[in-house]
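I have placed the structure first, in the form of structure tokens, so that the comments after it can refer back to it.
Nothing in this text is a laboratory measurement; each read-out follows from the coordinates by a stated rule. This is a predicted model, so every value here is computed, not measured. No Cβ is skipped: glycine too gets one built from the backbone with ideal geometry, and neighbour counts run over all protein chains shown.
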Amino acid sequence: KTRVKVGDSIAGYVAKNGEALLIQDISSDPRFAKFSKGNYETKSLISVPLKIKDRVLGVLNLSDPQHGTVFEDNDLRLLATFASQAAIAIDDAENFEQLSKKLNEFAVLYQLATEITTVDNSQDMTDLIYRSLKQIIDIDFAMWLSWNERSEPLVVNYWERYGKKDAGALRS
């Protein structure tokens, strides 16, 4: 649950610039020496963006290689290749999730359009609409108000909060 502002750390620097970074000795790098105090055992790290086109999805950092060695260009290339594949997988998963959500929304709306033609009173209609919307929108509270400008102000026909239903409980 660590949060880092873009530009305020090594990972933030990589996210901001969108470019991979290889540091063999963090204490000798003037951009990042302030981060070296006690945070790294070997002072060597690599950081690469998880990037799709020009959009940075995140940053992958590796530090403290085993046996006191330092990271080399080959390590950076390998991590950049992995990060590229991971970014594609993350982007694909996000796209799949969005498409699945849209498909579910269309299915619910189609079902609503099909069922609403069979409803013969306003209370059942509001209940059907509410139940349908609840499947595609996270709803904690819903209120259906009707208005007849000649006879009276707004009237609550239906409301539901946390599973409690009441029609006409509130009148304005």
**Report entry** Theoretical gain in end-to-end length, Asp120 to Val156 [0.36 nm per residue, Cα-Cα removed]
**Finding:** 11.0 nm
Query - Proximal lysines relative to Lys34, as straight alpha-carbon distance under 17 Å, when same-chain residues fewer than 8 apart are discounted - result: Lys5, Lys43
Query raised in the report: Expressed in nm², what is the orientationally averaged projection area of the convex hull enclosing the Cα positions of the chain?
Result: 17.0
Query raised in the report: What is the distance, in nm, between label points placed 7 Å from the Cα along the Cα-to-Cβ direction at Gln66 and at Ser28?
Result: 2.6
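As a quick test, which of the pairs Lys51/Lys101; Lys53/Lys134; Lys53/Lys101; Lys1/Lys51 have an alpha carbon distance above 31 angstrom in this structure?
Lys53/Lys134
Out of every Cα-Cα pair in the stretch 1-93, what percent are more than 15 Å apart?
Working: 2544 of 4278 pairs.
Tail fraction, whole percent: 59.
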Requested in this report: Provide the gained length on full extension for the span Thr81 to Lys1, in nm with one decimal, where the gain is 0.36 nm per separating residue minus the Cα-Cα distance.
Outcome: 26.2 nm
Query raised in the report: Residue by residue through the stretch 81-92, which ³J(HN,Hα) values in whole Hz follow from phi under the Karplus form 6.51 cos²θ - 1.76 cosθ + 1.60 (θ = phi - 60°), with glycine and proline marked x?
Result: 5, 4, 4, 4, 5, 5, 5, 5, 5, 5, 4, 4
